[in-house]
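The values are calculated or read from the model by the stated rules, or taken from the named source; none is laboratory data. Values in this document were obtained by computation on a predicted structure and should not be read as measured data. No Cβ is skipped: glycine too gets one built from the backbone with ideal geometry, and neighbour counts run over all protein chains shown. Ligands, DNA and RNA are excluded from the accessible area calculation, which covers all protein heavy atoms including side chains. Shrake-Rupley method; radii C 1.70, N 1.55, O 1.52, S 1.80 Å.
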Amino acid sequence: IKVINHARNIGIGAAMKTGINYVSAVIDKDDILITMDADNTHHTDIFPNIIKSIRNGCDIVIASRYATGGCEVGLACFRKVLSRCASSLLKVFFPVKNVSDYTSGYRAYYGGIIKKASNVYGENLITKYGFTCMAEILIKLSKLTNSINEIGLVLRYDLKKGRSKIKILKTIFEYFLLILKLKFLIK
């Protein structure tokens, strides 16, 4: 086990960037990288299904609360609506086959797609440091593969440790900036 820490919490985007940049240098093409929240909302009981999907040819597998067998437990109605709206809006601008949950951080990546992303994007795979980084990663990687799938996730927000760090208005604004950046500003 290799633990990589920041001196202080500087956000999910920074954590993902540090982790994926490190992993891209050491991962073999047949390895699997799994990312997930460490707040007790994501459980490892779906690892076998995630790994099976990767071994069956998927480059990315998203554990989705919107896929068959998935749901949200203990999440406030307002947050449910915001999450669905964010995913729906992103799907309008960046349609990705077989994907309905653009914001889930519980994912598996085939080592080959991580290597490919490193070659194409380098240090710029992740430029967003808030919760929007997960959508940014998905959108950019979807340009490199058509092999993305979702499996059902029971998101257990009722078991979450600690308070949510999401700043809702800031995150909504960041999603609009992400859309502008990826759809209109970068051709």
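The table that follows gives values for the structure above.
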{"quantity": "Number of positions in segment 122-138 that are assigned to a helix (DSSP H, G or I) and crowded, with 20+ Cβ neighbours inside 10 Å", "calculated": "6"}
{"quantity": "Checklist (1) open to solvent by 60 Å² or more (accessible area, probe 1.4 Å); (2) farther than 23 Å from residue 32 by Cβ applied to residue 119, failing item", "calculated": "(2)"}
{"quantity": "Selected residue (criterion: surrounded by the fewest Cβ atoms within 10 Å (Cβ to Cβ)) from residues of segment 139-149 that are part of a loop (DSSP other than H, G, I, E, B) and out of contact with any Asp or Glu (no Cβ under 7 Å at 6 or more places or on another chain)", "calculated": "146"}
{"quantity": "Residue among 75, 82 that is in a loop (DSSP other than H, G, I, E, B), modelled with pLDDT under 95, open to solvent by less than 60 Å² (accessible area, probe 1.4 Å) and of a type in the set (A, V, I, L, M)", "calculated": "75"}
{"quantity": "Flag for residue 39 being open to solvent by 40 Å² or more (accessible area, probe 1.4 Å), over 23 Å from residue 85 (Cα atoms), of a type outside the set (Ser, Thr, Tyr) and touching a Gly at 6+ places or on another chain (Cβ under 7 Å)", "calculated": "no"}
{"quantity": "Residue within segment 150-165 that is open to solvent by 50 Å² or more (accessible area, probe 1.4 Å), of a type in the set (A, V, I, L, M, F, W, C), touching a Ser or Thr at 6+ places or on another chain (Cβ under 7 Å) and in a helix (DSSP H, G or I) present", "calculated": "yes"}
{"quantity": "Close pairs (7 angstrom Cβ cut-off, 6 or more residues apart or separate chains): without any contact (Cβ under 8 Å) to a residue 24 or more places away in the chain and under 14 Å from residue 142 (Cβ atoms) in segment 86-103, assigned to a loop (DSSP other than H, G, I, E, B) and open to solvent by 10 Å² or more (accessible area, probe 1.4 Å) anywhere", "calculated": "87/100; 87/103"}
{"quantity": "Matching residues, segment 5-43, being touching a Ser or Thr at 6+ places or on another chain (Cβ under 9 Å), not aliphatic (A, V, I, L, M) and not in a loop (DSSP other than H, G, I, E, B)", "calculated": "13, 17, 19, 21, 24"}
{"quantity": "Residue within segment 8-27 that is without any contact (Cβ under 8 Å) to a residue 12 or more places away in the chain and under 17 Å from residue 135 (Cα atoms) present", "calculated": "yes"}
{"quantity": "Residue tally, condition assigned to a loop (DSSP other than H, G, I, E, B) and either of a type in the set (D, E, K, R) or open to solvent by 60 Å² or more (accessible area, probe 1.4 Å) (or both), over segment 44-68", "calculated": "4"}
